Amino acid sequence: DPKDNKFYFKRKRYIPEEQVEIKCGTDSPKIWKWIEQGYITATPGPVVDQEVLFRDMEADLEKYSPREILYDPYNASALMARFKDKIDLVECKQNMATLSPMAKDYEAAIYEGAVVDDDPVMAWEISNADVYTDANGNIKPIKHGGKKSNKHIDSVISSMMCVGRTRYLERN
């Protein structure tokens with residue numbers, strides 16, 4: 001919120017209905033509770049129904065009027081086709097060069113008390129994240145247990161991207 005220089009998050013997450021029971025056993029037993037509380041949306045079928053996700057995004061574009069959408073270019077062709085004429089799309093590769101400045105901005109915002117976030121799924125995802133630091137002092141979040149881990153850190157990365165991009169735009 002520009003009025004108080006704080007970041008307030010409202011996230012949407014999706015899970016395929018046919019995977020909920022499995023994910024409760026492998027990822028977190030709290031998934032059903034988070035679905036009931038509205039932190040996660042279960043979509044029909046064995047995979048996330050992108051149409052549900054895209055309709056929610058279109059509703060949020062109208063409700064919040066964001067300036068742009070940041071996206072990971074991996075497997076983003078449907079998103080790009082659907083939104084390229086509706087809003088500016090900003091590619092955000094998931095590499096160290098892109099993520100480290102965002103991670104540092106996010107870390108600073110947390111230490112400044114500028115991040116307001118009481119989302120229980122986010123708290124769980126933070127517990128799943130480690131900070132990887134390279135020889136040059138660059139940092140980025142990684143899954144605890146490595147890439148093949150069933151841990152989730154998507155909200156950590158998307159929150160970091162939002163704070164990092166906002167701070168970048170404020171500086172430039």
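Look at region 73-93 and say how many of its residues are assigned to a loop (DSSP other than H, G, I, E, B) and open to solvent by less than 60 Å² (accessible area, probe 1.4 Å).
Number satisfying all stated conditions: 4.
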Right, A108: open to solvent by 30 Å² or more (accessible area, probe 1.4 Å), assigned to a helix (DSSP H, G or I) and under 24 Å from Q50 (Cβ atoms) or not? no
What are the residues in region 1-34 that are of a type outside the set (F, W, Y), closer than 26 Å to R82 by Cβ and either loosely packed, with under 13 Cβ neighbours inside 10 Å or within 17 Å of the chain's Cα centre (by Cα) (or both), if any? K10, R11, K12, R13, I15
Could you grab the pairs with beta carbons closer than 8 Å, sequence gap of 6+ or different chains, first residue in region 76-98 and among the hydroxyl-bearing types (S, T, Y), second one modelled with pLDDT of 95 or more? T98/C92
The one condition E125 fails out of (1) surrounded by fewer than 18 Cβ atoms within 10 Å (Cβ to Cβ); (2) in contact with a helix residue (DSSP H, G or I) (Cβ under 8 Å, 6 or more places away or on another chain) is (1)
Please find, within region 140-172, the residue that is surrounded by the fewest Cβ atoms within 10 Å (Cβ to Cβ) out of those that are of a type in the set (V, I, T) and free of Cβ contacts under 8 Å to residues at least 40 places away in the same chain. I142
Between a residue in region 123-138 that is in contact (Cβ under 8 Å) with a residue 40 or more places away in the chain and any residue that is not hydroxyl-bearing (S, T, Y), which pairs come within a Cβ distance under 8 Å, given they are 6 or more apart or on different chains? W124/K30; W124/H152; N138/M96; N138/A97
Looking at (1) open to solvent by 60 Å² or more (accessible area, probe 1.4 Å); (2) part of a helix (DSSP H, G or I); (3) touching a helix residue (DSSP H, G or I) at 6+ places or on another chain (Cβ under 6 Å), find the lone condition where M102 falls short. (1)
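The values are calculated or read from the model by the stated rules, or taken from the named source; none is laboratory data. For clarity, every value in this text was computed on a predicted model and none was experimentally measured. Cβ sites come from the backbone with ideal geometry, for glycine too, and all protein chains shown count toward neighbours. The accessibility values were calculated without ligands, DNA or RNA, using every heavy atom of the protein model including side chains. Shrake-Rupley method; radii C 1.70, N 1.55, O 1.52, S 1.80 Å.
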